[in-house]
Amino acid sequence: MYDLKLRGERASILADALLSVPTRPYQKRSLEAALGLFLDLKTKKALHRAHTVSASALSRLLNVYEWDTSECWASLVQAQWDALLLAARRRHHPRLRLCVDLTSVPKTGRDLPFVRVYNEVYGLHLVVLYAVYRDLKFPVGYRVYRGKGTPSPVRLALDLLTTVPAEVSHRFDVWVLADSGFESAAFLQGVRDLGFDFVVGVRSTRRTDHRGHVTVADCEHGSWVNLANWPWETLTLARVDRGERTFFSVASHLLSGDIVAREGRQRWAIESFFKEAKHGFGLNRFALRTAQGLDRWVLLVFAAFTLSMLCRADTLSLEQAAEVAARVALPLLVVQRLALQVWREEEFLRQHGYSLTLSRCKT
């Protein structure tokens, strides 16, 4: 109970830090309304659905107004790492899992920023770093893949991993989890250069250093292998059968195949986040036409998800946690929403003999 109360306080502190960044009162009101909108998982994310401010005001907040988005990002990421470090205090060798993956958001139209075709999907392509420790899960960074001739998803993923604070690297036993899209030797070496361990998916055709044409598909579950183009460390191979398909992964630790497979399954946490971010928090609703608008839209998605995670208890769904987060972090906005709802029904109440007055108590 105390831990949950402390997290609620951290959610309130984080919201105050974000809202303190805009210098103008009207910008602060718009940012507060935007956060409230993104915390309302029952409402589709469209600017005209926000309470207390107009759609044009939100559009100017996201696309035009000069407020320091980087300061908001810094406050958000610092709050996330602080929450993870606090949760791990007094624990011996806590394991932090850093999942990296690329998600594509299909889009139509050619005026949106960074829209490209990749993996046969026309849209936005985001490489995301997702931190998981016990029941705490946060998206701690992202990069946009901009297409051929720009840094690859592997390079972007490694760039994200370099942003992990030294305090976190020293406190946690850090494991990087990724699918076969990140199986390249450059990625494996980059992770090891950072001092992290990994469990990474590999294709069945990935060759080993055995004589002849021996691939991982020819090796047994739990066997120790050296990859042909990255022979510097012996890895543990895991095979996982799912219906007619078999998936392979390698770990930088010499463990049993079952442990490697179990660890690899933890990567699905980021897939759950992608689903929730797109369909609950509005990541797939992005329709702004500026790069700054995209960055601020993603900021709101990540911030709303983080506030919800900080307020989530075992018995609460993510939607319920988002409602709690709104009440904890944005109480005045919730009161304004309730007041607007009441005033919309004023005529109905009058017809039935009711007169309603709202007043604020002094505390």
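Label-to-label distance, ALA46 versus ARG344, with points set 7 angstrom from Cα along the beta-carbon direction: 1.4 nm.
Of the lysine pairs in the chain, how many meet both conditions: Cα atoms under 16 Å apart, and a spacing of 8 or more in sequence or different chains? Taking the chain as the scope, the lysine pair count is 9. Dipole magnitude for the chain: computed about the Cα centre from +1 point charges on Lys and Arg Cβ and -1 point charges on Asp and Glu Cβ, it is near 760 debye. Note that the stretch 33-145 shows a convex hull volume over its alpha carbon atoms of 151 Å³ per residue. Residues of the chain were split at every exposed loop site, defined as GluC sites (Glu not before Pro) in a DSSP loop with at most 10 other C-beta atoms within 10 angstrom, and the longest piece left, sites excluded, is 245-363. What separates the Cα centres of the stretch 186-252 and the stretch 101-149 is a distance of 26 Å.
Is the shape of the stretch 79-210 best called rounded, prolate or oblate, per the rule: a/c under 1.5 gives rounded, else a/b larger than b/c gives prolate, else oblate, with a ≥ b ≥ c the square roots of the Cα gyration tensor eigenvalues? It is oblate, given that a/c is not under 1.5 and a/b is not larger than b/c. Hey, with R₀ at 22 Å, roughly what FRET efficiency would TRP224 and ARG265 work out to, going by the Cβ-Cβ distance, to 0.05? So, using R0 = 22 Å, E works out to roughly 0.60.
Mean sequence separation of contacting Cα pairs (under 8 Å, at least six apart), scaled by the length of the stretch 143-267, corresponds to a relative contact order of 20 percent.
Sort the stretch 113-180 into rounded, prolate or oblate with this rule: let a ≥ b ≥ c be the square roots of the eigenvalues of the Cα gyration tensor; rounded if a/c is under 1.5, and if a/c is not under 1.5, prolate when a/b is larger than b/c, oblate otherwise. Cα axes put the stretch 113-180 in the prolate bin. Can you compute the helix-only [θ] at 222 nm over the chain? Use -39500 (n - 2.57) per DSSP H run of at least 4 residues, normalise by all residues, nearest 500 deg cm²/dmol. Value at 222 nm, helices only: -13500 deg cm²/dmol. Ordered by the number of other Cβ atoms lying within 10 Å of each residue's own Cβ, fewest first, HIS51, HIS125, HIS279, HIS170 fall into the sequence HIS170, HIS279, HIS51, HIS125. Considering the chain as a Gaussian network with a 10 Å cut-off on Cα pairs, which listed residue, SER180, SER272, SER30, attains the greatest mean-square fluctuation? Comparing SER180, SER272, SER30 in the GNM, the peak value goes to SER272.
May I ask you to evaluate 6.51 cos²θ - 1.76 cosθ + 1.60, the Karplus curve with θ = phi - 60°, for each residue of the stretch 106-122 and list the ³J(HN,Hα) values in order in whole Hz, giving x for glycine and proline? Once θ is set to phi - 60°, the couplings for the stretch 106-122 become x, 9, 10, x, 10, 9, 6, x, 6, 6, 9, 9, 8, 6, 6, 10, 8 Hz. Distance between the pseudo-spin-label points of ARG245 and VAL335 (7 Å out from Cα toward the beta carbon): 5.2 nm.
Computed from the Kirkwood radius of its Cα pairs, the Stokes-Einstein diffusion coefficient for the stretch 180-266 at 10 °C and 1.306 mPa s stands at 124 µm²/s. What you get for the stretch 180-266, charging only the Cβ of Lys and Arg (+1) and of Asp and Glu (-1), is a dipole of about 200 debye around the Cα centre.
Where a number appears in this text, it was derived from the coordinates with a stated rule and is not lab data. Treat the numbers as computed from the prediction; the structure is a model and nothing was measured. Glycine also receives a Cβ, built like all others from the backbone with ideal geometry; neighbour counts cover every protein chain displayed.
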